[in-house]
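First comes the structure, then the notes that go with it.
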Amino acid sequence: MTMQAFDIAVLGAGAGGLFAAGSLSGKNKIIIEGNRKPGLKILASGGGLCNFGNQNISGADYFGANPRFCLSALAGFKPDDFLALLRRNKLPFDARPDGRLFARKSADILNMLLSRIDGKTTRFEYGNKIKKVRKEGGIFEILTDKNIFHACKVICALGGLSRPQLGASRAAYDIAADFGLAVTPRYPALTGIIFDDATRAVCGPIAGISCRARVKCGGRIFTDDILFTHRGLSGPAVFQLSLYGVKGRQISADFLPDTDVSALLAANKTRAQKPSALLQGLLPARLLQALLGGNDAQLANLNKNQIAAVLRALNNFTFTAKDICGYDKAEITAGGVDTKEISSQTMQVRAVEGLYFCGEALDISGRLGGYNLHWAWASAHAAARAINKDL
């Protein structure tokens, strides 16, 4: 093992770490990354297009024990600030009608982040997995599986537990615990939901079917596309709902949120037509068959209880979320380092001078649609700005 000293050590060469490093002034710094390449999650983002942000960002788009924690950082770095970087680098991007912002290629975002980092004052150390961080005599010691590094300041941008296949680990939480910081419960988020056994028996055979639906759990309601899988539900609406911890809770789905099915059935109650025929074109035939089951008979022959069953199946399909998909499928990790321990202005640990956390490791989680990458940029910017001022 070798031992070297730096002004600043950035732990993690993902979105937050690279952005922080590129925002730091010309001090002697090192970026330590467990993977052998930087930005693997950036390259995987948005199916290779990188949903790097959203034009419509506010504190209401974020969730955590104290969601207001994010307000200062969001005010200090806005979507237009990141777009200005793209324009300066002459990188094209696409703005979707719903506000989502996409690069033409994820590699464009990664290359831009790397180009912002001063190669003369920055050293990269890849393939170094963080084992321990401690502070003695005002200096941080960073122990990896290969080296020992020393630094006056440390930015922990190691992310969460999601996508272990891309190098995710619990290192950020271990560092927090070693310094006596509280860590809130964590769970996979922006991921699929697994049906209870009874619902899975009904819906398992229609895996691959998708439609627009309104899903609800408690007071949380999202309307967007959903996808039936072999185990449960996926798709944007379900991902959004998973952010709020739905395991073991009752979920309802309205498969025709824009159609008054009750009025439609009442207007045709004397006809020989079946509900599935009446609703043809509004939902996939296989989905209607699975939902209606034995109640898909001539409308004129359906009694009140059967009509009510049809309405429940279509407008209030209720099941229990047996589980949620694991970290290998989840976009992010909800929960994390308790924000009570962190300055919302600087991202510095209140009780440990010189130690900063940013991005996914913190107990701030954004909705699907570019909000989490923007949180990485904004929180990293806040940390770098504070360090630049201090140094």
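The values are calculated or read from the model by the stated rules, or taken from the named source; none is laboratory data. Owing to the predicted nature of the structure, the values given are computational and were not obtained by experimental measurement. Quick reminder, even Gly has a Cβ in these numbers, built from the backbone with ideal geometry, and neighbours come from all protein chains shown.
Are any residues in segment 141-150 in contact (Cβ under 8 Å) with a residue 12 or more places away in the chain and either crowded, with 18+ Cβ neighbours inside 10 Å or not in a loop (DSSP other than H, G, I, E, B) (or both), and if so, which ones? Residues satisfying the conditions are Ile142, Leu143, Thr144, Ile148, Phe149, His150. Condition (residue is surrounded by fewer than 16 Cβ atoms within 10 Å (Cβ to Cβ), under 19 Å from the mean Cα position of the chain (by Cα) and assigned by TED's automatic domain parsing to the domain that holds His374) applied to segment 87-97: is it met by at least one residue? Within segment 87-97, one or more residues are surrounded by fewer than 16 Cβ atoms within 10 Å (Cβ to Cβ), under 19 Å from the mean Cα position of the chain (by Cα) and assigned by TED's automatic domain parsing to the domain that holds His374. The residue that is nearest to Gly326 (Cα to Cα), among those in segment 214-267 that are assigned to a helix (DSSP H, G or I) and touching a helix residue (DSSP H, G or I) at 6+ places or on another chain (Cβ under 9 Å), is Val261. The set of residues from segment 225-266 being in contact with a strand residue (DSSP E or B) (Cβ under 8 Å, 6 or more places away or on another chain) and among the small types (Gly, Ala, Ser) comprises Gly232, Ser234, Gly235, Ala237, Ser242, Gly245, Gly248, Ser252, Ala253. Right, Leu265: in contact (Cβ under 8 Å) with a residue 24 or more places away in the chain and within 20 Å of Gly204 (Cα to Cα) or not? The answer is no for Leu265.
Considering Ala176, Ala171, Ala182, the condition of being in contact with a Leu (Cβ under 6 Å, 6 or more places away or on another chain) and either of a type in the set (Gly, Ala, Ser) or surrounded by fewer than 19 Cβ atoms within 10 Å (Cβ to Cβ) (or both) is satisfied by Ala171 alone. Residues in segment 35-58: is at least one in contact (Cβ under 8 Å) with a residue 40 or more places away in the chain, of a type in the set (S, T, N, Q), assigned by TED's automatic domain parsing to the domain that holds Ser343 and within 23 Å of His150 (Cα to Cα)? Yes. Considering the conditions (1) under 22 Å from Leu166 (Cα atoms); (2) part of a helix (DSSP H, G or I); (3) of a type in the set (Gly, Ala, Ser), Ala60 is excluded by exactly one of them, (1).
Criterion applied to Ser45, Ser25 was being surrounded by 22 or more Cβ atoms within 10 Å (Cβ to Cβ) and at pLDDT below 95, and the one residue passing it is Ser45. Of the strands (runs of 3 or more DSSP E) contained entirely in segment 298-359, those carrying at least 2 residues that are farther than 18 Å from Val10 by Cα fall at 317-324, 332-334.
To keep it simple, each residue is scored yes or no on (1) within 19 Å of Leu355 (Cα to Cα); (2) touching an Asp or Glu at 6+ places or on another chain (Cβ under 9 Å).
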{"site": "His150", "(1), (2)": "yes, yes"}
{"site": "Gly159", "(1), (2)": "yes, yes"}
{"site": "Asp174", "(1), (2)": "yes, no"}
{"site": "Gly192", "(1), (2)": "no, no"}
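Among the candidates Gly359, Gly326, Gly369, the residue that is more than 30 Å from Thr259 (Cβ to Cβ) and crowded, with 19+ Cβ neighbours inside 10 Å is uniquely Gly359.
Just one of the listed residues (Val183, Val238) is outside the structural domain of Phe140 (by TED's automatic domain parsing) and not basic (Lys, Arg), namely Val238.
Table: residues versus (1) in contact with a helix residue (DSSP H, G or I) (Cβ under 7 Å, 6 or more places away or on another chain); (2) touching a residue at least 60 places away in the same chain (Cβ under 8 Å); (3) of a type outside the set (Val, Ile, Thr).
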| residue | (1), (2), (3) |
| --- | --- |
| Cys70 | yes, yes, yes |
| Ala75 | no, no, yes |
| Asn89 | yes, no, yes |
| Leu110 | yes, yes, yes |
| Arg123 | no, yes, yes |
| Gly127 | no, yes, yes |
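For segment 340-391, the candidate set comprises residues that are of a type in the set (Lys, Arg) and without any contact (Cβ under 8 Å) to a residue 40 or more places away in the chain; within that set, the residue that is farthest from Phe52 (Cα to Cα) is Arg350.
For every residue, the table says whether it meets (1) farther than 30 Å from Pro92 by Cβ; (2) crowded, with 22+ Cβ neighbours inside 10 Å; (3) touching a Pro at 6+ places or on another chain (Cβ under 8 Å); (4) at pLDDT 95 or above.
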| position | (1), (2), (3), (4) |
| --- | --- |
| Ile109 | no, yes, no, yes |
| Met112 | no, no, no, yes |
| Arg116 | no, no, no, yes |
| Ile139 | yes, no, no, yes |
| Val154 | yes, yes, no, yes |
| Leu166 | no, no, no, yes |
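Counting residues in segment 94-101 that are touching a residue at least 12 places away in the same chain (Cβ under 8 Å), touching a Cys at 6+ places or on another chain (Cβ under 6 Å) and either charged (D, E, K, R) or in a strand (DSSP E or B) (or both) gives zero.
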